[in-house]
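Comments concern the structure below.
The values are calculated or read from the model by the stated rules, or taken from the named source; none is laboratory data. What you see is a predicted model; the values in this text were computed from it and never measured. When we count neighbours, we look across all protein chains shown, and the Cβ atoms used for this are built from the backbone with ideal geometry, even at glycine.
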Amino acid sequence: MNIEACVELPISDGKVGDFKVESFFVSEEQAKIFNMKQDIKGLGRGIISGEYKRLIFKNEVVMSNTPAEIYDHIPFFREVQKRGGHILINGLGLGMCINAVLEFKNIKSITVYELEQDVIDLVAPTFFDDEKVHIVKRNAFDGPASPDCHFDVVWHDIWSDICHDNYWNMLNLMEKYDLCCDWQSCWCMDICARLVE
C-alpha cells in the first residue's frame, strides 16, 4: 500500500462554513507527548514529527492524516487491495481514503456518502476530475442509496473520536449495509469494542 498517498494529500487549505482544512506541524516533543498519552490509554496509536493536514469543525479536530489515523485504515486498505471492484466509503473527511484507494489498479469505482455539504464543497473539488469517484450528499445511517447496489468493500469512517459509545452505532450501521457488500468494517471498531468490554 502506498502510505505516501495518505500523507501527501492533494487538498488545499481552506474554509467553508464551520469546516476548515489546515496544515499543521507536529514537533518531536508533541509527538512524544501524544504517543505517551496513547500508550497510557492502551490505544497503541502513534505519530511522528512532521507536517500534516487536519479537518476541523468549529474548534474540534475531526480527522488528520497523521500516522495514527493512517494506520487505523490499514484493514480497509488491505481489503481494497485484495478485492478491488466497487468501493463505498461513508465519510469524506480529508479525502485521505479516496486518495489512497485510487492508487490501486483493481478499482472500478469509489462512492462516498457525506452528510455535510460544507465538507463536500471543501474537499470534493480535489477529486472532480476522476471519473471513478462519486461523492453523494447522504446520511450513512440511511443505508445504501439503492436496494440493488452492491459494493465489494464498504468502510464506515464517520466518527471523530474513539469511545465505547461509538461501538453500538457501528454495529447498527453495519447492519444497514450487510446485504449490499462482500466486506465491511468501521474506523477503529476493534478499539471501540475493547472499550466496551
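Key figures for this structure:
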item: Unique residue being farther than 20 Å from GLN38 by Cβ, in the same structural domain as GLN184 (by TED's automatic domain parsing), part of a strand (DSSP E or B) and within 14 Å of the chain's Cα centre (by Cα) when the list is LEU94, LEU88; result: LEU88
item: Qualifying position, being in the same structural domain as TRP159 (by TED's automatic domain parsing), out of contact with any Asp or Glu (no Cβ under 7 Å at 6 or more places or on another chain) and of a type in the set (Ser, Thr, Tyr), among SER109, SER64; result: SER109
item: Residue within segment 41-48 that is touching a residue at least 60 places away in the same chain (Cβ under 8 Å), surrounded by fewer than 19 Cβ atoms within 10 Å (Cβ to Cβ) and either within 14 Å of the chain's Cα centre (by Cα) or part of a helix (DSSP H, G or I) (or both) present; result: no
item: Out of GLU103, GLU79, sole residue that is in the same structural domain as LEU122 (by TED's automatic domain parsing) and part of a loop (DSSP other than H, G, I, E, B); result: GLU103
item: When residues of segment 143-171 are limited to those that are among the charged types (D, E, K, R) and surrounded by 13 or more Cβ atoms within 10 Å (Cβ to Cβ), the one modelled with the lowest pLDDT; result: ASP157
item: Subset of segment 50-75 that is in a loop (DSSP other than H, G, I, E, B) and in contact (Cβ under 8 Å) with a residue 24 or more places away in the chain - its residue that is nearest to CYS186 (Cα to Cα); result: HIS73
